[in-house]
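The values are calculated or read from the model by the stated rules, or taken from the named source; none is laboratory data. Just so you know, these numbers come straight off a predicted model, no measurement behind them. Glycine gets a Cβ as well: all are built from the backbone with ideal geometry, and neighbour counts include every protein chain shown.
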Amino acid sequence: MAANTTELKARLAFWRSALEKLREAYLALLDGGVKSYKIGNEELTRLDLVSLQKRIDEAEKKVDELEALLAGGHARRALAVTPMDW
């Protein structure tokens, strides 16, 4: 379990860092102070705000899932209920 916890903490740190960078890029582009923003090799413009928001949402979900796993919970799972007419 210790190795698993260590791995989960490393993943959580990674996704928190990624989320922080994505948020910084989003805010910089949204405020209009810059025409483009660079994250690593990727250059983003205001036209990328929609895709950037989707990436932020995905990163937030990952962080939430990892925090739940570290707290002893389970990752959120989607369940579907199919009503049947008997």
For residue 75, indicate whether it is at pLDDT below 95, more than 10 Å from the chain's Cα centre (by Cα) and of a type in the set (A, V, I, L, M, F, W, C).
-> yes
Residue list for segment 22-42, restricted to those being surrounded by 14 or more Cβ atoms within 10 Å (Cβ to Cβ), under 16 Å from residue 54 (Cβ atoms) and out of contact with any helix residue (DSSP H, G or I) (no Cβ under 6 Å at 6 or more places or on another chain) = 23, 25
Can we say residue 57 is under 14 Å from the mean Cα position of the chain (by Cα) and either in contact (Cβ under 8 Å) with a residue 12 or more places away in the chain or loosely packed, with under 14 Cβ neighbours inside 10 Å (or both)?
-> yes
Exactly one of (1) out of contact with any helix residue (DSSP H, G or I) (no Cβ under 6 Å at 6 or more places or on another chain); (2) at pLDDT 95 or above is unmet by residue 15. Its number?
-> (1)
